Amino acid sequence: MKVLKFFIVAAMAAVATTAAAQDFSDPKYAKWGNTPEERKENILASSYLKEEVANRHFNSAARYLQQLLKACPNASENIYANGVKLYKDKANRAETLAEKKMYVDSILLLYDIRIENFGNHPKRGRVYLLERKAREYLTYKADDREGVAEAFEAAIAAQKEAGVVDPEVVAIYFKNLCDDYQNDVVDAMTVVNAYDNHAQYFENLAPEQLQFKEQFEQCFGMSGAASCENLETIFSKKIAENPEDAKIVEQAFKLMARANCSSDFFFNVGEKHYANNKTSEVAMLLAQGFQDTKNFDKANQYLREALAAETVAAEREKLFVRIGILDMSMNNFASAVEAFREAQAINPENPHAPFFLAQCYVNGAKGCSGLQKDAVYWVAYDLIQKALPLLEAQDADRVEAAKQLAAAYRAAFPTKEECFFNELADGSSYTVNCGFASGIRTTVRSRVQ
């Protein structure tokens, strides 16, 4: 201990000796005091503060800190950095809750005073300091839920004003808000509005930041605030009070669509929103909702309206596939064939077009007979064979079904005798002349028996 004290005294003596050699009348020292003597004293106090904090001599460090805050609060950022270290250590060593609270309040106060004096710093100014303060608030005063929310809201507002909102900070804030909802501290509308207002900050993120978007979305989904029942209760009243407010209608529709709502209220809101915003995206969401509730006519209507509004080829391709699948569910196989062919024309490598066309062709052959019917299975088998590697690469969930269909179609090939009686040899060319596959050239193959 004596050796340690010797080194501390020696270090402080060295600092004092260095300070004595400086000319504190120089204007560059003006921020440290009004006179050369005051400046020297305060510069020494700053050095002593750092040393005392490093050596955990907290009482003497606190005296130097108070001196500096009173005499020259805008002299150096290090005053506050060392002050926060000082009070954090005191807070961690506090023996009573009251004592700890006092030190934590001192930490937060230091951030406020630093913002007053260094808020315009280009790197560590108000935006940086408010974020740091919010994180400290959450660390040391997590039970003060209102205070935590206010601290993060202030930090996010400052970031927004500066045009540099950090998705991590928003994710932390929103998680705490969702926790508050589950603990009955805030109501559902508070969470819903916060989600709607902050979702914009999770667009076009760098790959390393996508985790924050995932956290944001998961918190909202798991909070229970976005249940269809809650959303309908909230927005039925808001829309009734402001029936012409397009923004409220849009907010209601997007949130209810995300929650997979399917009530009459949702569809009324959706159609009202579509009347104001006739885009492919809105039409697709409505179509999905109607399809989920087995209202296929309405689903088909909105899919086709989406198609009419869409100009991007890749999106049109997806729409044609969806229309085709919906037509199949409605037994409109002729229309489905047309849709799948359109998708295939846009993208010959589309895996779903051949997979579903094969099924449409087989269904369309029910009115055929004999070899005319059997020949359709050649075409259907070939389509499934084309679809299989594409499905393996793009939609693995359908691969097993495709393999089963291929086996079933191959088993339906005509026998060697049937081919012989129709004067057809394996490997020869044949043009289908019945059903939706009529006009398609294929290759004769007999069933393996």
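How would you order 245-253, 406-414 from highest to lowest mean count of nearby Cβ atoms within 10 Å?
So the peptides 245-253, 406-414, ranked by packing, come out 245-253, 406-414.
Contact order normalised by length for the chain, with contacts defined as Cα pairs under 8 Å and 6 or more residues apart; what percent is it?
Computed over the chain, the figure is 6 percent.
Which whole-number percent is the relative contact order of region 354-449 (Cα, under 8 Å, 6+ apart)?
Relative contact order of region 354-449: 34 percent.
Would you mind getting me the FRET efficiency between Lys366 and Ala314? Use the beta-carbon distance for r and R0 = 30 Å, nearest 0.05.
With a Förster radius of 30 Å, E is 0.30.
How high is the relative contact order of region 27-173, in percent, with contacts defined as C-alpha pairs under 8 Å that are six or more residues apart?
14
Which shape class, rounded, prolate or oblate, goes with the chain when its Cα gyration tensor gives a ≥ b ≥ c as root eigenvalues, a/c under 1.5 marks rounded, and past that a/b bigger than b/c marks prolate?
prolate
Could you please rank Leu68, Leu44, placing first whichever residue has the fewest other Cβ atoms within 10 Å of its Cβ?
Ordered from fewest to most neighbouring Cβ atoms within 10 Å, Leu68, Leu44 come out as Leu44, Leu68.
Hey, got the dipole for the chain? About the Cα centre, +1 on K and R Cβ, -1 on D and E Cβ, debye to the nearest 20?
The dipole of the chain has a size of about 1260 debye.
Treating cross-link reach as a plain straight distance, find the lysines whose alpha-carbon is under 20 Å from the alpha-carbon of Lys237, omitting any fewer than eight places away in the same chain.
By straight Cα distance, Lys237 reaches Lys247, Lys254, Lys272.
Along the charge dipole of the chain, Cβ charges K/R +1 and D/E -1, which of Tyr430, Val191, Leu231 sits furthest on the positive end?
So the residue furthest toward the plus end is Val191.
Identify the residues of region 310-329 with backbone N under 12 Å of a label point that sits 7 angstrom from the Cα of Lys278 along the Cα-to-Cβ direction, or state none.
The answer is 310.
If I take R0 = 56 Å and measure r between the Cβ atoms of Gln301 and Phe420 in this structure, what FRET efficiency does the formula 1/(1 + (r/R0)^6) give, to the nearest 0.05?
0.65
Assuming a ≥ b ≥ c are the square roots of the Cα gyration tensor eigenvalues, decide whether region 293-449 counts as rounded (a/c under 1.5), prolate (otherwise, with a/b larger than b/c) or oblate.
Taking the square roots of the gyration eigenvalues as a ≥ b ≥ c, region 293-449 is prolate.
Among Leu390, Leu49, what is the fewest-to-most ranking by other Cβ atoms within 10 Å?
Arranged by neighbour count, lowest to highest, Leu390, Leu49 become Leu390, Leu49.
Check which residues have an amide H placed less than 5 Å from Thr442's amide H, if you skip close sequence neighbours.
Amide H to amide H, under 5 Å and 5 or more residues apart or across chains, Thr442 pairs with Tyr430, Thr431, Val432.
Spin-label point model (7 Å from Cα, Cβ direction): what's the Ser262 to Ile346 distance in nm?
2.6
First check a/c for region 278-350, with a ≥ b ≥ c the square roots of the eigenvalues of its C-alpha gyration tensor; if it is under 1.5, answer rounded, and if not, answer prolate when a/b is larger than b/c or oblate otherwise.
Since a/c reaches 1.5 but b/c is at least a/b, the shape of region 278-350 is classed as oblate.
Readers should treat all values here as calculations from the given coordinates under stated rules, not as data from a laboratory. As the structure is a prediction and not an experimental result, all values here were calculated from the model. Note: ideal-geometry Cβ built from the backbone for every residue, glycine included; neighbour counts use all protein chains shown.
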